[in-house]
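To start, the structure under review is shown below, and the notes come after it.
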Amino acid sequence: MKANPYQQLFDDQMNRFLEVGKTTYKERVSKLRKLKNALEYEYRQPLREALFSDFGKPFLETDLTEIYPILAEIKHIERHLRDWMRPKKVGNPLPMIGSRSYIEYESKGVCLILSPWNFPVNLTFDPLVSAIAAGNCCILKPSESTPATSQVMSEIVSALFDPSEITLVQGEVETAKALLELPFHHIFFTGSPAVGKHIMEAASRHLSSVTLELGGKSPAFVDETASMETTAKRLAWGKCLNAGQICVAPDYVLVTAKAKDALVQALENQLKSFFPQGASSSASYARIINAAH
């Protein structure tokens, strides 16, 4: 049987996860601040350029949807992590009278994060932030559809973290399959329901817990009581952001007969306002990631 190419990486983290799980609030926050500084300053421009190279994502959109949410998440954790890590006292049942009861939070252990291409930075590093806060080791596997961005993220991870604690591997479907053969304590996947079923099936063989953040359809309902200008602006913004490549983008509109013509006209006006020369010639509009998609 062929040896798993990621077995040694996994074993190194398995040998380390108990130690990492005992890290203090200060140690965990220190790691998060290093990541925050890297994203906000040193690697912000390389990430902008990589995302533009991969699928034309405008710089402002990268800041808004990829980088700022992670910075906000880290700031939120800095404020609350000390309290989250404290054991929580709970009441005792009568048969246990004379003793004390409390809930003590423990790390999961060694985690696998499989991230998609539509928001490669956000959906790789945001779950990583939570994993670090909870004292876990992690192997990250970003999408092969955004190679330039994956390369920059790999440079960030290797510069900030010991691979026996956090590492990033690149590759295509075979890489993901090889990783899923390993008995991770937890698997975090963002992507389609079809792939999510395979993730859950693989995780079940090792009784790995899973977090599946899966895409779906997001309809909007509009009737004649709505403000057509406001509604059209929100629908157009939600559909045009990232060229609509978002699981919560409005996929279709259910509109009453009385509201239809007004809504169509308002949408036309809004799109012309966003892109006076047309979206196809605009540098403020991302592109579909590849021909297959």
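Every number here is computed from the coordinates shown, using simple stated rules; none is lab data. Keep in mind that this is a model prediction, so the values were computed, not measured. As a convention, Cβ positions derive from the backbone with ideal geometry for all residues, glycine included, and neighbour counts pool all protein chains shown.
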Exercise. Determine the dipole magnitude for the chain: charges of +1 sit on the beta-carbon of Lys and Arg, -1 on that of Asp and Glu, nothing else is charged, the reference point is the Cα centre, and the result goes in debye to the nearest 20.
Key: 760 debye
Self-check item: 3J(HN,Hα) from dihedral phi, the range 80-90, Karplus parametrisation 6.51/-1.76/1.60, rounded to Hz, x for glycine, proline
Solution: 10, 4, 4, 5, 4, 7, 5, x, 9, 5, 10
Exercise. For PHE59 and LYS75, compute 0.36 nm times the residue count separating them, minus their Cα-Cα distance, and round to one decimal in nm.
Key: 3.5 nm
Exercise. Return one number: the angle in degrees, 0 to 90 and rounded to the nearest 10, between the long axis of the Cα atoms of helix 122-133 and the longest principal axis of the Cα atoms of the chain.
Key: 30 degrees
Exercise. Rank GLN170, SER209, TYR6 by how far each Cα sits towards the positive end of the charge dipole of the chain (+1 on Lys, Arg Cβ; -1 on Asp, Glu Cβ) and give me just the farthest.
Key: SER209
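Can you give me the relative contact order of the range 219-281 as a percent, contacts being Cα pairs under 8 Å and 6 or more apart?
Numbers: 48 pairs, mean separation 29.9, N = 63.
Averaging sequence separation for qualifying contacts and normalising by length gives 48 percent for the range 219-281.
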Quiz item: Along the charge dipole of the chain, Cβ charges K/R +1 and D/E -1, which of ALA133, TRP117, PHE161 sits furthest on the positive end?
Solution: ALA133
Exercise. Quick one: which residues, 5+ away or cross-chain, put their amide H under 5 Å from the amide H of VAL210? H built at 1.01 Å from N.
Key: ILE187
Exercise. Quote the charge dipole size of the range 182-287 about the Cα centre in Debye, to the nearest 20; the model charges only the Cβ of Lys and Arg (+1) and of Asp and Glu (-1).
Key: 200 debye
Quiz item: Build a GNM of the chain with springs between Cα atoms under 10 Å: which of PRO116, PRO163, PRO219 gets the top mean-square fluctuation?
Solution: PRO219
Self-check item: Mean separation of Cα contacts under 8 Å, 6 or more apart, over the residue count of the chain: relative contact order %
Solution: 19 percent
Self-check item: Within the chain, helix-based [θ] at 222 nm, where runs of 4 or more DSSP H residues each add -39,500 (n - 2.57), nearest 500
Solution: -14500 deg cm²/dmol
Practice problem: In whole angstrom, note down how far apart the Cα centers of the range 175-239 and the range 79-136 are. | Solution: 22 Å
